[in-house]
1. Just checking the output field for B:87-99: average partner chain Cβ neighbours within 10 Å of each residue's Cβ?
2. Using C-alpha positions alone, give me the convex hull volume of the protein assembly as shown per residue in cubic angstrom.
3. In the range B:8-104, how does Rg compare with the Kirkwood Rh, expressed as the Rg/Rh ratio over alpha carbon atoms?
4. For the pairs B:Lys37/B:Lys71; A:Lys15/B:Lys38; A:Lys22/A:Lys52; A:Lys57/B:Lys56; A:Lys52/B:Lys38, flag any whose C-alpha to C-alpha distance is greater than 24 Å.
5. From the convex hull of the Cα coordinates of the range A:23-102, what is the mean projected area in square nanometres?
Amino acid sequence: AAGVIQSPRHLIKEKRETATLKCYPIPRHDTVYWYQQGPGQDPQFLISFYEKMQSDKGSIPDRFSAQQFSDYHSELNMSSLELGDSALYFCASSPRGGGAFNEQFFGPGTRLTVL
Amino acid sequence: DQQVKQNSPSLSVQEGRISILNCDYTNSMFDYFLWYKKYPAEGPTFLISISSIKDKNEDGRFTVFLNKSAKHLSLHIVPSQPGDSAVYFCAARGGADGLTFGKGTHLIIQP
């Protein structure tokens, strides 16, 4: 079965650079979520999109932005990178049609290292 | 402030025995709870969930119990198998889109 695809899987950037992470949800899933997991930490919710519109916002820094495109894939744009942005970034998707009680299916994550 | 707490960073269980992973939460607005399993270098994989209107949900070897008055839930795995060795995350949801995760429990199944 198709799963959530994230690219790249690994990314190394310098401080103050920008990074773009991509997420391709499971087919027919219209809702995408982004999470950040720091070393030894639990995943923290950043932002979500439903039908190409921002649905909910968590602890996403102002330096980050995201969007969902017409094919439902999503991109997380990160600017002025800081050392503390080094983390595993997960994307998850779910079908919204079933209501609020939908499991979120996670991708393998993108490991971002900021030097 | 950690709203979902998994107080055991690790748990070691013998193969064939029961594994019990515990999770406590503080936010009364949470109305849906999930357990995820995570292997190294992979994303969390959904295991089982429970709505706050239920107190038990069973799926094969996995059973989740919810005690709303105690704000406590547990995941039982019976019998435990070597492939169950992984990090288990408890997650909760209440109104908002994002899941609130615990810090995870590393389950080790010993042969």
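Where a number appears in this text, it was derived from the coordinates with a stated rule and is not lab data. Just so you know, these numbers come straight off a predicted model, no measurement behind them. As a convention, Cβ positions derive from the backbone with ideal geometry for all residues, glycine included, and neighbour counts pool all protein chains shown.
1. 5
2. 125
3. Checking Rg against Rh, the ratio lands at 0.95.
4. Too far apart for the 24 Å limit: A:Lys15/B:Lys38; A:Lys57/B:Lys56; A:Lys52/B:Lys38.
5. 5.4
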